[in-house]
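Worksheet for the structure shown next.
The values are calculated or read from the model by the stated rules, or taken from the named source; none is laboratory data. Note that the structure is a prediction, hence the values are computed from the model and not measured. Every residue, glycine among them, receives a Cβ derived from its backbone with ideal geometry; neighbour counts consider all protein chains shown. Accessible surface areas use protein heavy atoms only, side chains included; no ligands, DNA or RNA. Shrake-Rupley method; radii C 1.70, N 1.55, O 1.52, S 1.80 Å.
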Amino acid sequence: MAMVLENVTKLVANEKHIDSISLDLEPGTFNILLGRTLSGKTSLMRLMAGLDKPTAGRILMDGQDLTRLSVRKRDVAMVYQQFINYPSMTVAENIASPLRLAKVSPSEIERRVRDVAEMLHIEDLLERLPVELSGGQQQRTAIARALVKDAELLLLDEPLVNLDYKLREELRTEMREIFKRRRSIVVYATTEPLEALALGGNTAVLHEGRLEQFGPTIDVYQNPQTTRIAQAFSDPAMNFVAGKVAGNHLYLGATPPAPLLNHLSGLQSGDYRFGMRPSHLQLQRTTDSEIAFQTTLDLAEISGSETFVHVFHDAETWTVQQQGIHNYRMGEETQVYIDPARLYVFDLDGHLVVSPEQNSPAPSFRERSWPE
Amino acid sequence: MARIDLKNLAHAYRPNPATEADYALNRTNHTWEDGSAYALLGPSGCGKTTLLNIISGLLKPSEGEVLFDGKNVTSLLPQERNIAQVFQFPVIYDTMSVYDNLAFPLRNRKLPEKDIRERVMEVAEMLELQDDLKKRAANLGADAKQKISLGRGLVRSDVAAILFDEPLTVIDPHLKLLLRRKLKQIHARFKLTMVYVTHDQLEALTFADQVVVMNEGQVLQIGTPQDLFENPQHTFVGNFIGSPGMNFIPCRVKNDTASVGELRIPFRAKDHQGKTIVLGIRPEFLKLHAAPLQGTHKVSIKEVENLGNCQIVTVRFEEQTLKVKVAEGQEVPAERGFLEFPLEWIRLYADGKLIEPAMEPPPGQESRQ
């Protein structure tokens, strides 16, 4: 059953929380709402659930208008940031509660509770009370309860945000598995680009209550239609440099002219904004065609397995993302390199002109002969 | 600034602890160098806050001693320890001006007003509070208030150590970078002994010269971020640091060789009798090839996650699931691939603890670094 949002708008005290959003969501799809705090993710979910009514626009499920239908009459399940469970019920009773309400037979309830508990690895905790569980186990219970009734619409509002980062990583991987096999429409809100990429599916980028772009997650990531989307869907944020094309040459900032190759070859003469992903900037030259910028090293931030080196270039601050842990001294002059084949090109209004060519998807290896 | 020694330190919140599980902090002996920045890192409940509270004097340990520059301070109250503390939420006087807030710890110690002024101006400049000095603290935002808290922690140059307990939690994400930079610059300039507790891995690893990784009341490793990444001393550290964490594969042991399938790693087996031996290697160091090369091992490909700037490939090897980090745009075979285990990045663990490389590599293989 497909869900269709038609020009949905929500005004709260004359403020547009949701601004004319249209969206088609197919059954069996995983859909991410990506945006900062207050971008409208939760507001949109509440409208989808029927917890709030839109000021204008319609919400259809399989062609049927649900706009005015209350949440009680809709087939929807929701998981929140906070771990919400019934404190006086065991894990099993918590998971079973929506089925009890729906008057499902006890034997059927037992079977489905066990199935979903196994899926979330809490089958050994069924007799415990929520207070006896860790945060991760509590959220697993809440997710299990949302999954057990097999609702046609499942909404998850930043469900992992309150968990330790290792647990988050673990649950994220499991979610991919769990949702692969479902027919529900799943909608998942997050502020983190990396989480969206790790979960896959489709992504809708929200900004100030507006839908900026919707499509397969990796496609939105690789072809952000505006600089704003590129910023929102990049962690660390995309780096920008002003530049121009004149004749057959590219001039980035104050760098010497470079030839227009590959995806850049069709560019008209004029001024542009060029976007460079942190992972595409390098501190060592690897090929002759790379363009070099003079920069000053700022702080290097270190995650467990990567180094984010911040550098100053003119008035801009850029980030260079490096694999592994490296040490740098703040204040040192250094060169930063970019392969022009990696450049995103935006016009001066911030609209995408052309994005880098992606390597074609993995060829079918079955066609090749493999030594056994 | 002071060197901090932890001697036979342990803490149990309940009396008469019997087993390790009764201790919130298990027996620890460490020396923290004067002028270094330490971060305590671990999952919630690992004992990092207990340890910080023992160092600050908020908690008296049930066993052992804390020494500042050789002086036993175990029984001293926080205010008798000559330390500065910065907490998660701003601790400031709302009715005072920013200047008076910053000057307060110095006036308390009866410094001449001229010296106070010099020091306050210096700290205000570092934290970019110069323009706010005359404002009342109450009128400032949460970020600015926390900057004042940091400033009050930093303003005294004679403290033994500055302790930070999740100091950037209330700070807006885009300002966090600025404050991390400030803390790093301040540390480089004044060589203060700093101890920092946070659950944010990026913050801990960025801030610290030395990271203290804890789990279940144990200090598992103290090392630079690079050490933790390249040479985790414990399987917990290998998994906890880095995303995804280190891969571990149980080994068969025969004579002086640990093996997984055709992969063989020499080690001194008699030093580790009866222990479980596992091989550890990070996803970043495994190399996935489309065709067999010498020394590669056949694996089946289970899943490819495209994370944009890299791909995480899940493979099955000898009935184990491994993660391999593959460069953006690199072709990943659809069904089968060939995995290379660079010898210099293979680590062996006995009952969770790193085994130091001890033997000559077999002929024909490169030596381990």
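Listing for the model above:
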item	result
B:Pro43, sole failed condition from (1) touching a helix residue (DSSP H, G or I) at 6+ places or on another chain (Cβ under 8 Å); (2) outside any loop (DSSP other than H, G, I, E, B)	(2)
Matching residues in the stretch A:258-282 - criterion: being assigned to a loop (DSSP other than H, G, I, E, B) and more than 14 Å from chain B (Cβ to nearest Cβ)	A:Leu260, A:Leu261, A:Ser265, A:Gly266, A:Leu267, A:Gln268, A:Ser269
Residue among A:Thr287, A:Thr255, A:Thr217, A:Thr226 that is touching a residue at least 40 places away in the same chain (Cβ under 8 Å), hydroxyl-bearing (Ser, Thr, Tyr), open to solvent by less than 50 Å² (accessible area, probe 1.4 Å) and away from every other protein chain (no Cβ under 13 Å)	A:Thr226
Pair list, Cβ < 6 Å and 6+ apart or interchain, from the stretch A:74-85 residues that are closer than 17 Å to A:Ser134 by Cα to residues that are among the basic types (Lys, Arg) and crowded, with 21+ Cβ neighbours inside 10 Å	none
Conditions (1) touching a strand residue (DSSP E or B) at 6+ places or on another chain (Cβ under 9 Å); (2) at pLDDT below 95; number of the one not met by A:Val8	(2)
Residue within the stretch B:11-27 that is within 14 Å of chain A (Cβ to nearest Cβ) and in contact with a strand residue (DSSP E or B) (Cβ under 8 Å, 6 or more places away or on another chain) present	no
Qualifying residue in the stretch B:222-234 (condition: open to solvent by less than 50 Å² (accessible area, probe 1.4 Å), under 26 Å from A:Ile302 (Cβ atoms) and part of a loop (DSSP other than H, G, I, E, B))	yes
Single residue of the stretch B:154-210 satisfying the filter (in contact with a strand residue (DSSP E or B) (Cβ under 9 Å, 6 or more places away or on another chain) and of a type in the set (S, T, N, Q)) that is most open to solvent (accessible area, probe 1.4 Å)	B:Gln185
Among (1) touching a residue at least 24 places away in the same chain (Cβ under 8 Å); (2) open to solvent by 60 Å² or more (accessible area, probe 1.4 Å); (3) part of a loop (DSSP other than H, G, I, E, B), the one test that A:Asp349 misses	(1)
Residue within the stretch A:89-112 that is touching a Ser or Thr at 6+ places or on another chain (Cβ under 9 Å) and part of a loop (DSSP other than H, G, I, E, B) present	yes
Total residues in the stretch B:129-143, condition in contact (Cβ under 8 Å) with a residue 24 or more places away in the chain and either crowded, with 19+ Cβ neighbours inside 10 Å or under 17 Å from B:Leu168 (Cα atoms) (or both)	6
Count of residues meeting criterion [among the charged types (D, E, K, R) and within 19 Å of B:Arg81 (Cβ to Cβ)] in the stretch B:159-209	1
Selection count, the stretch B:271-288, where residues are in a strand (DSSP E or B) and either crowded, with 18+ Cβ neighbours inside 10 Å or free of Cβ contacts under 8 Å to residues at least 24 places away in the same chain (or both)	6
Count of residues meeting criterion [under 29 Å from A:Lys166 (Cα atoms), open to solvent by 20 Å² or more (accessible area, probe 1.4 Å) and assigned to a loop (DSSP other than H, G, I, E, B)] in the stretch A:294-315	1
Residue that is in a strand (DSSP E or B) and within 12 Å of the chain's Cα centre (by Cα), where the choices are B:Val219, B:Val237	B:Val219
Selection within the stretch B:158-201 - in a helix (DSSP H, G or I), at the interface with another protein chain (Cβ under 10 Å from one of its Cβ atoms), farther than 25 Å from B:Arg107 by Cβ and not small (Gly, Ala, Ser)	B:Pro173, B:His174, B:Lys176, B:Leu177, B:Leu178, B:Arg180, B:Arg181, B:Lys184, B:Gln185, B:Gln201
Test set (1) in contact with a helix residue (DSSP H, G or I) (Cβ under 6 Å, 6 or more places away or on another chain); (2) within 25 Å of B:Asp200 (Cα to Cα) - B:Leu102 fails condition number	(2)
Qualifying residues in the stretch A:299-315 (those that are of a type in the set (Gly, Ala, Ser) and at the interface with another protein chain (Cβ under 9 Å from one of its Cβ atoms)) - the one farthest from the chain's Cα centre (by Cα)	A:Ala300
Some residue of the stretch A:316-331 being crowded, with 16+ Cβ neighbours inside 10 Å and away from chain B (no Cβ under 13 Å)	no
Selection count where residues are in contact with a helix residue (DSSP H, G or I) (Cβ under 9 Å, 6 or more places away or on another chain) and more than 19 Å from B:Val332 (Cα to Cα), scope the stretch B:269-294	4
Test: B:Asp115 is touching a residue at least 24 places away in the same chain (Cβ under 8 Å), in a helix (DSSP H, G or I) and away from chain A (no Cβ under 14 Å)	no
Residue within the stretch B:66-79 that is buried (at least 19 other Cβ atoms within 10 Å of the Cβ) and closer than 30 Å to B:Leu228 by Cα present	yes
Scan of the stretch A:261-284 for residues that are touching a helix residue (DSSP H, G or I) at 6+ places or on another chain (Cβ under 8 Å) and open to solvent by 10 Å² or more (accessible area, probe 1.4 Å), ordered by number	A:Leu261, A:Asn262, A:His263, A:Arg273, A:His280
Test for B:Arg268: is it open to solvent by less than 60 Å² (accessible area, probe 1.4 Å) and either more than 26 Å from B:Ala161 (Cβ to Cβ) or within 14 Å of chain A (Cβ to nearest Cβ) (or both)	no
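This table checks each residue for (1) away from chain B (no Cβ under 14 Å); (2) assigned to a helix (DSSP H, G or I); (3) surrounded by fewer than 17 Cβ atoms within 10 Å (Cβ to Cβ); (4) in contact with a Phe, Trp or Tyr (Cβ under 7 Å, 6 or more places away or on another chain).
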residue: A:Ala204; (1), (2), (3), (4): yes, no, no, yes
residue: A:Gln213; (1), (2), (3), (4): yes, no, no, no
residue: A:Tyr221; (1), (2), (3), (4): no, yes, no, yes
residue: A:Ala237; (1), (2), (3), (4): no, no, no, no
residue: A:Gly243; (1), (2), (3), (4): yes, no, no, yes
residue: A:Leu250; (1), (2), (3), (4): yes, no, no, no
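Conditions (1) under 28 Å from B:Glu305 (Cβ atoms); (2) modelled with pLDDT under 95; (3) within 14 Å of chain B (Cβ to nearest Cβ); (4) touching a Gly at 6+ places or on another chain (Cβ under 9 Å), marked per residue:
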position: A:Leu101; (1), (2), (3), (4): no, yes, no, no
position: A:Val116; (1), (2), (3), (4): yes, yes, no, no
position: A:Met119; (1), (2), (3), (4): yes, yes, no, no
position: A:Glu123; (1), (2), (3), (4): yes, yes, no, no
position: A:Val131; (1), (2), (3), (4): no, yes, no, no
position: A:Ala144; (1), (2), (3), (4): yes, yes, no, no
position: A:Glu152; (1), (2), (3), (4): yes, yes, no, no
position: A:Leu155; (1), (2), (3), (4): yes, no, no, no
position: A:Leu167; (1), (2), (3), (4): yes, yes, yes, yes
